[in-house]
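One structure is given below, encoded as structure tokens.
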Amino acid sequence: MSDPYRMSIVSPAGGFIGPVKRSVTIAGHPTSISLEPIFWRALENAAHVRSLPLNALIAQVDALRIRTDDPPNLASALRSWVVSLANFESNSQ
């Protein structure tokens, strides 16, 4: 088995790209969110798997976010949710 600390790393597919701002509607209110394209793609895939519109998935994450004692901003919550989803999926395989 190889040592994970000695494995080389590579750039993400498409390279390192900064945040892209998109407008979404949550509970009837328009808002804009800035996320890196890799996070937008992950959210779109998660919405597709769940047969949800992207706005609906974002609204569900937002509802979970605002229930916390010290809610982070929405972009941070979305990034955290995507990473936790990826970790869950990799651990369940």
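The values are calculated or read from the model by the stated rules, or taken from the named source; none is laboratory data. Predicted model only: the values in this text are computed from it and were never measured. Here Cβ is always computed from backbone atoms with ideal geometry, including for glycine, and neighbour counts include all displayed protein chains. The protein model used for the area step is the full one, side chains on, heavy atoms only, and it has no ligands, DNA or RNA in it. Shrake-Rupley method; radii C 1.70, N 1.55, O 1.52, S 1.80 Å.
Note on surface exposure: 52, 43 rank 52, 43 by accessible area, highest first, 1.4 Å probe. Quick one: helix 54-66 against the long Cα principal axis of the chain, what's the angle to the nearest 10°, folded into 0 to 90? With both axes taken from Cα atoms, the answer is about 90 degrees.
Take residue 79: with every protein chain present and a 1.4 Å probe, its accessible area is about 60 Å². Computed from point charges on the beta carbon alone (+1 for Lys and Arg, -1 for Asp and Glu), the dipole magnitude for the chain about its Cα centre is near 180 Debye.
Per-residue ellipticity at 222 nm computed for the chain from its helices equals -15500 deg cm²/dmol, with DSSP H segments shorter than 4 residues left out and the rest contributing -39,500 (n - 2.57). To the nearest 10 degrees, how steep is helix 74-91 against the longest Cα principal axis of the chain, on a 0 to 90 scale? Orientation of helix 74-91: about 40 degrees from the principal axis. Shape of the chain from its Cα gyration tensor (a ≥ b ≥ c, root eigenvalues): rounded if a/c is under 1.5, otherwise prolate when a/b > b/c, or oblate? The shape class here is prolate.
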